[in-house]
Amino acid sequence: MASSGLVCETDAWKDLKAHVEDIKKTHLRELMSDAKRCQSMMVEFDGLLLDYSRQCATVDTFNKLNKLAEAAHLKEKINLMFNGERINSTESRSVLHVALRAPRGSVINSDGKNVVPDVWQVLDKIKDFSDRVRSGAWVGATGKALTNVIAIGIGGSFLGPLFVHTALQTDPEAAPLASGRKLHFLANVDPIDVARNITGLDPETTLVVVVSKTFTTAETMLNARTIREWISTALGPEAVAKHMVAVSTNLTLVEKFGIDPNNAFAFWDWVGGRYSVCSAVGVLPLSLQYGFAVVEKFLQGASSIDQHFHSAPFEKNLPVLLGLLSVWNVSFLGYPARAILPYSQALEKLAPHIQQVSMESNGKGVSIDGVPLPYEAGEIDFGEPGTNGQHSFYQLIHQGRVIPCDFIGVVKSQQPVYLKGELVSNHDELMSNFFAQPDALAYGKTPEQLLKENVPSNLITHKTFSGNRPSLSLLLPSLNAYNIGQLLAIYEHRVAVEGFVWGINSFDQWGVELGKSLATQVRKQLHASRKNAEPIEGFNFSTATLLTRYLEASKDILKEDCTVLPKL
Ligand code: F6P
């Protein structure tokens, strides 16, 4: 598509800017009293219910946001993505994570080639391999079954799989299939993470999956070499072939590392790291833990949302509505953050995953054409499961900064508990908070109400809640593999919608490079100073002083000429 000007120059953007004044005059209390408005702000799809009536927005706001979507060519951009065009222009790549969960037999082209058969070839290979490991047909070097898996990877090669694993752990369908098995994640290059992972693990019964799109990420590769050392020290170097497999787009480097290419599971450069959980990155470790059938359901849930996102009209399209709301909150109402608040402990790793999906995608300062943005893109994401968050940072959300909140609730608990004699079940107790918090934020509490309650006058301002704080509620019927896939795809596409409207490239991540290259310079210096006592050179006063202190104080801690592994 031909490049266009900045979206802030369009009439639709200017119209929304002007509209802010009207909205700021209206309190959510009034907006919520209009049942017709509220009804028009509820959308259902495939068992999910989205209620966005507690947004500081009217029906008119949505008409204007739709005009903004038109002005930003949102529909065309979504189509370009699904058509496999190279919309990640700075890396000249298409963006086809939707192909990873497309049903067998469907057609999604990249550069004129249908990629779906390749996707299914890898999925079939994963099914076969994971079945063999799980059944004990594939054993370790000493003939023992491999019941522990360590997935080594970071960023997109870690957070998505961790999110899904954490969500499935207590699912009544998935949990029994993981009986006797353990899935561990090693992400941080901090040796403490290595120690925590291998403590109590027996190399004889451990399978290692090295997950790296590039197979060059410094942290992952050092962790992989460390765990390879752990295996060879215990079982001999030839054991590595039985105990280490890989997931990567770079099969040449996989082989160079010493992993049999037959035990490598491919994916493609049209899958962004943070969008890769539906590739072998997530599917392999999760299939090893739960079996492929469960993971296939997860892919089906994501695919259902993909089709909805591609075809539903915008006024009923969950990711589009959510994306437009985020743009409204960030760019027009001036609320730069968003809290992701699942009322489900199983979703405790949703926020960390979405932090990467959203902030690495949309944390950009220039348009897709390289023009500096005169408005801010991206949003600051954070979150915790309710009710833990309520006892932590909700104070700020209720009386401090205005932070639009995503409340995510589940109708049927994965693990119901009801105690005889209790007023409600444990899940009802949890959900009481899910239903109460959005209204507390929207309505607040006025000084008049407090006076009526005989609150002492010196406490009135302290106990007043301004209200008028936006949130949305998403209700899931249950939390199984399918719903988890739906939730993942909703957030992925929501982020894309925001980026499409802001006119940025949501699929590159140049901002992570500078720190990596400076770390390379430090690594070289540390080596040179330790090995040859070379003086510190090329750093500013501050860094040089810190480095000197670090080197001097750790002289006797480091042994250079022998391998040291954790001793826990
Ligand atoms: O943090 C930068 C990044 O490139 C992410 O985009 C990616 O998910 C992560 O590093 C890991 O990369 P890889 O899978 O290539 O090891």
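The values are calculated or read from the model by the stated rules, or taken from the named source; none is laboratory data. The model shown is predicted, which means the values in this text are computed figures rather than measured ones. We place every Cβ from the backbone using ideal geometry, glycine too, and count neighbours over all the protein chains shown. Accessible surface is based on the protein model in full, side chains and every heavy atom, while ligands, DNA and RNA are left aside. Shrake-Rupley method; radii C 1.70, N 1.55, O 1.52, S 1.80 Å.
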Quiz prompt | Ellipticity estimate at 222 nm from DSSP helix runs (n ≥ 4, -39,500 (n - 2.57)) divided over the chain, nearest 500 | solution = -13500 deg cm²/dmol
Quiz item: If one computes the Cα centroid of the stretch 241-287 and of the stretch 83-113, what distance in Å separates the two points?
Solution: 19 Å
Quiz item: What figure in square angstrom, to the nearest 10, would you give for the accessible area of F314 with a 1.4 Å probe?
Solution: 40 Å²
Practice problem: Output ³J(HN,Hα) for the stretch 295-307: one whole-Hz value per residue in order, computed from phi by the Karplus curve 6.51 cos²θ - 1.76 cosθ + 1.60 with θ = phi - 60°, and x for Gly and Pro. | Solution: 5, 4, 5, 4, 5, 5, x, 5, 5, 4, 5, 4, 5
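Given Cβ point charges of +1 (Lys, Arg) and -1 (Asp, Glu) and nothing else, what value in debye, to the nearest 20, does the dipole of the stretch 499-546 about its Cα centre take?
On the way: 5 positive and 4 negative charges, 51 e Å.
Roughly 240 debye, rounded to the nearest 20.
Restricting to the chain, compute how many DSSP beta bridges are antiparallel as a %, nearest 5.
Values: 13 of 44 bridges.
Beta bridges within the chain, antiparallel portion: roughly 30 percent.
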Self-check item: Cα shape, the stretch 1-65, gyration tensor, a/c 1.5 rule
Solution: oblate
Practice problem: Quick one: grab the alpha carbon gyration tensor of the stretch 293-433, order the square roots of its eigenvalues as a ≥ b ≥ c, and give me rounded if a/c is under 1.5, else prolate or oblate depending on whether a/b is larger than b/c. | Solution: oblate
Self-check item: 18 Å cut-off, amide nitrogen to a point 7 angstrom out along T461 Cα→Cβ, residues in the stretch 417-447
Solution: 445-447
Quiz item: How far is helix 116-135 tilted, in degrees, relative to the longest principal axis of the Cα atoms in the chain, given as a value from 0 to 90 rounded to the nearest 10?
Solution: 60 degrees
Quiz item: Please identify the GluC sites (Glu not before Pro) of the stretch 428-534 that satisfy two criteria: DSSP loop assignment and at most 14 other Cβ atoms within 10 Å. Which are they?
Solution: E453
Exercise. Could you state the angle between the C-alpha long axis of helix 159-168 and the longest principal axis of the C-alpha atoms of the chain, as a value from 0 to 90 degrees rounded to the nearest 10?
Key: 80 degrees
Quiz item: Tell me, what HN-Hα J-couplings in whole Hz come from the Karplus equation 6.51 cos²θ - 1.76 cosθ + 1.60 at θ = phi - 60° for each residue of the stretch 443-460, using x for Gly and Pro?
Solution: 8, x, 9, 8, x, 4, 4, 5, 4, 4, 8, 6, 5, x, 4, 5, 9, 4
Quiz item: Using modelled amide H (1.01 Å from N, peptide plane; none on Pro or chain starts), what sits under 5 Å from the amide H of G409, excluding residues fewer than 5 places away?
Solution: Y343, L474, L475, L476
Quiz item: What are the residues whose amide H is under 5 Å from the amide H of A337, where those residues sit 5 or more places off or on another chain and H is modelled from the backbone?
Solution: I380
Quiz prompt | Difference of contour (0.36 nm per residue) and Cα-Cα distance, R549 to E429 | solution = 37.9 nm
Quiz item: How much length is gained if the chain between E70 and V417 is pulled fully straight, taking 0.36 nm per residue apart and subtracting their Cα-Cα distance, in nm to one decimal?
Solution: 120.1 nm
Quiz item: Points 7 angstrom from Cα along the Cβ direction at E453 and D439: gap in nanometres?
Solution: 1.4 nm
Exercise. Could you tell me which chymotrypsin sites (Phe, Trp or Tyr not before Pro) in the stretch 383-440 are loop residues by DSSP with no more than 14 other beta carbons within 10 angstrom of their beta carbon?
Key: Y418
Quiz item: Label points 7 Å out from Cα along the Cβ direction at K144 and R104: separation in nm?
Solution: 3.6 nm
